[in-house]
Every structure is written in C-alpha cells, then in structure tokens.
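Okay, structure first, notes after.
Coordinate-derived values only; no laboratory data. Fair warning: this is a prediction, and the values are worked out from it, not measured in the lab. When we count neighbours, we look across all protein chains shown, and the Cβ atoms used for this are built from the backbone with ideal geometry, even at glycine.
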Amino acid sequence: MAKRSKAKVNMSQLVRDYQAAHPNASAKEVADAVGAKPSLVYNLRSNEKKKGMSASGRVRKVVRGSVKSNASSDLDAAVEFIEKVGGLSNAARIIESLQRLSESIS
C-alpha cells in the first residue's frame, strides 16, 4: 500500500509571513510562533538585508555613507509630501490636524 505524502510546509515562507505581520517581533518570538529554529529567522533576515529588503518585507534603500544621506532622503520625502498636498501651507495644516488628532487620542 502506498504511503501518503505529507504536505510540505515552507518554513521560510511562514517566517516571512509572520515577520510581515509582526515587524517588531524578535527572532525568538517569530521562531516560537511558527515552530522554526531561531537560526532560520536570523538567516532569513540577513539574506533579506543583503537583497535590499527589510525584515518586515518592505523595500528599503541601501544607503552607503553617513547620516547626511538619511537626512537628505528625509528632506526629499518632505519636499515630495509638500508637493503632493499642494504647497507648504496645506502641508502645515495637515500636520497640525494630525497633531491635534494624536493629542485627542492620547
């Protein structure tokens, strides 16, 4: 009589999925949640960083250099935001609204 083959579980994909849903989870938490070894989690995170991906699955820019590069990209993002909302005054109003909303929630 033929044996039934067990459905193989792709543990790496389980780890990636869990990390995407829980980006702040430690390697031990991820490993315990999916039933993997922590070393698998560490290896996957390392490989994702080498490919230019963050552990949470989001694409990140690989910046070589100092903090100036990060400040520059933050400034670029701010300028892009101001352009998208139609100017500095609109951006300021949106930020003020977000601050009031944040204060009312806290």
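Is the stretch 11-50 rounded, prolate or oblate when judged by the Cα gyration tensor, a ≥ b ≥ c being the square roots of its eigenvalues, rounded requiring a/c under 1.5 and prolate requiring a/b larger than b/c?
Numbers: a/c = 1.44, a/b = 1.20, b/c = 1.19.
Judged from the Cα gyration tensor, the stretch 11-50 comes out rounded (a/c under 1.5).
Among the listed pairs Lys28/Lys51; Lys51/Lys84; Lys8/Lys28, which have their C-alpha atoms separated by more than 26 angstrom in this model?
Working: Lys28/Lys51 23 Å; Lys51/Lys84 30 Å; Lys8/Lys28 23 Å.
Lys51/Lys84, as the Cα separations exceed 26 Å there.
Could you put Lys28, Lys49 in order, starting from the residue whose Cβ has the fewest other Cβ atoms within 10 Å?
Listing Lys28, Lys49 from fewest to most nearby Cβ atoms yields Lys28, Lys49.
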